Amino acid sequence: MTRKLFGTDGVRGQANSYPMTAEMALRLGAAAGRYFRRDASTEHRVVIGKDTRLSGYMLENALTAGLTSTGMNVLLLGPVPTPAVGFLTRSMRADLGVMISASHNPHQDNGIKFFGPDGFKLSDEAEAEIEAIIAGEILPAQPQNIGRARRIEDGRGRYQEYAKTTFPSKLRLDGLKVVIDCAHGAAYRAAPEVLWELGAEVIPIGVAPNGTNINLRCGSTHTQTAAEAVVAHGADVGICLDGDADRVMILDETGKVADGDQIMALLADRWASAGRLQGGTLVATVMSNLGLERFLTGRGLRLERTPVGDRYVVEAMRRGGWNLGGEQSGHIVMTDYATTGDGLIAGLQFLAAMAQSGEAASTLSRSFETVPQLLKNVRYAAGQEPLKAASVQAVIRDAEVRLNGAGRLLIRKSGTEPLIRVMAECEDEALLHDVVDGIVAAVKDAA
């Protein structure tokens, strides 16, 4: 079945425009409720979390109406990180978990992500079946079987207590000054509180959400604000989360950024040394830098690449029995601890390495030298297919010939926005820029 609603990370779009309308959220809720109803004799339960976007109220109410109309009992968590929904879906024995968030996107956007009863994101096949239900007539529950809804006041606290258990029990963060940037998003209370309870001196920023400032000049996609705070306060490290706290970027004591590749390299090396890295393998996407692959190979470890999207990383990890993976963008997936990317827990793992080794963040966050990599995005109008244009294909073929043996080229459509992403890696930076700029120009002409 052709997927129309679901992208690489649930359903996304601009709030109050298709598909992020109250009407579609209601139908999504009803379809998901119908899909997860097992039988008439047991309680059917769903947990719903959200980030801090203004449109979250609208979508939360619409989803609740749809879910209860099919007999699901809804437990509303309020603003919590995406990984908290995965954790609480399992912990509360729910049939389904729902997160309302557009992650790192601006406040105008929103999205709906579904988690199965095991706490993992739904498979492509499950999402396709839900789409099929939406396209037909959704059978409502009988009046006596309509579901109930209530708020869970301690959902965030449950997640915070769990997050602390992933930090070594005999360690504390005493003496460490930590800047935590919560992007005015879902972790604006959870992350600073966890760090403070573990003993850190916490400098919180991005912790005053107003519904429209999520990810605005802050967070993992705009690290400059946190970098300035690190330097101004003489902090030891900075941790930058995105709007739903499933991504993280680490800043060293000078404000320099370490992306997901560097974080994964550190953890893979330390876990392998401790005998914890299952199968001696790290799972990452095609976007991860060639330098990461060389680093792992030099230590007798292996890199397994997947398509872009943390869901595909997780699927590969589960198939292979591997326990560490992620994306350059900052999704760090540690299935020993979580079912999806968890920015806070990944940050705690980095802080644990600092506390155990006594080394500075600048040392721990530079495991390898990156191969020069250039990524540019080209926006296109809905309905257009610029990559199919003969002129674009000709430029891409020429670029592949020029890079043959000298670098790597990756061109793909974004799964969450109407963008063509053009990425290349090459030691020859002049060639790198020439190749990428040529493809970008061709795509723009065709868009």
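The values are calculated or read from the model by the stated rules, or taken from the named source; none is laboratory data. Model, not experiment: these values are computed from the prediction. Cβ: placed from backbone, ideal geometry, glycine included. Neighbour counts: every protein chain shown. Remember, those area values only see protein heavy atoms, side chains included, never the ligands or the DNA or RNA. Shrake-Rupley method; radii C 1.70, N 1.55, O 1.52, S 1.80 Å.
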Go through segment 227-239 residue by residue and tally those that are touching a Gly at 6+ places or on another chain (Cβ under 6 Å) and open to solvent by less than 50 Å² (accessible area, probe 1.4 Å). 3
Restricting to segment 368-397, what's the tally of residues that are open to solvent by 40 Å² or more (accessible area, probe 1.4 Å) and within 20 Å of Gly291 (Cα to Cα)? 5
Matching option when the condition is within 23 Å of Tyr188 (Cα to Cα) and surrounded by 19 or more Cβ atoms within 10 Å (Cβ to Cβ), among Thr281, Thr306, Thr339, Thr285: Thr339
Taking segment 80-104, which residues are surrounded by fewer than 24 Cβ atoms within 10 Å (Cβ to Cβ) and among the hydroxyl-bearing types (Ser, Thr, Tyr)? Ser91
Do we find that Ala274 is closer than 17 Å to Phe350 by Cβ, among the hydrophobic types (A, V, I, L, M, F, W, C) and without any contact (Cβ under 8 Å) to a residue 24 or more places away in the chain in this structure? yes
Residues that are closer than 20 Å to Val248 by Cβ and touching a helix residue (DSSP H, G or I) at 6+ places or on another chain (Cβ under 7 Å), drawn from segment 265-289: Ala265, Leu266, Leu267, Ala268, Arg270, Leu277, Leu282, Val283, Ala284, Thr285, Ser288, Asn289
Check on Glu425, open to solvent by less than 10 Å² (accessible area, probe 1.4 Å) and outside any loop (DSSP other than H, G, I, E, B): yes
Scan segment 408-427 residue by residue and report those that are within 14 Å of Gln373 (Cβ to Cβ) and in contact (Cβ under 8 Å) with a residue 40 or more places away in the chain. Arg408, Leu410, Arg421, Val422, Met423, Ala424, Glu425, Cys426, Glu427
Listed residues Leu54, Leu77, Leu26; which is crowded, with 23+ Cβ neighbours inside 10 Å and either in contact with a His (Cβ under 7 Å, 6 or more places away or on another chain) or in contact (Cβ under 8 Å) with a residue 12 or more places away in the chain (or both)? Leu77
Can we say Pro386 is of a type outside the set (Val, Ile, Thr), touching a residue at least 12 places away in the same chain (Cβ under 8 Å), farther than 21 Å from Ala235 by Cβ and touching an Asp or Glu at 6+ places or on another chain (Cβ under 7 Å)? no
For segment 154-171, state whether one or more residues are more than 20 Å from the chain's Cα centre (by Cα) and among the acidic types (Asp, Glu). yes
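Looking only at segment 35-51, which residues are among the charged types (D, E, K, R) and either in the same structural domain as Ala190 (by the TED database) or buried (at least 22 other Cβ atoms within 10 Å of the Cβ) (or both)?
Quick first cut of segment 35-51, residues among the charged types (D, E, K, R) only: 37-39, 43, 45, 50-51.
Answer for segment 35-51, where residues must be among the charged types (D, E, K, R) and either in the same structural domain as Ala190 (by the TED database) or buried (at least 22 other Cβ atoms within 10 Å of the Cβ) (or both): Lys50, Asp51.
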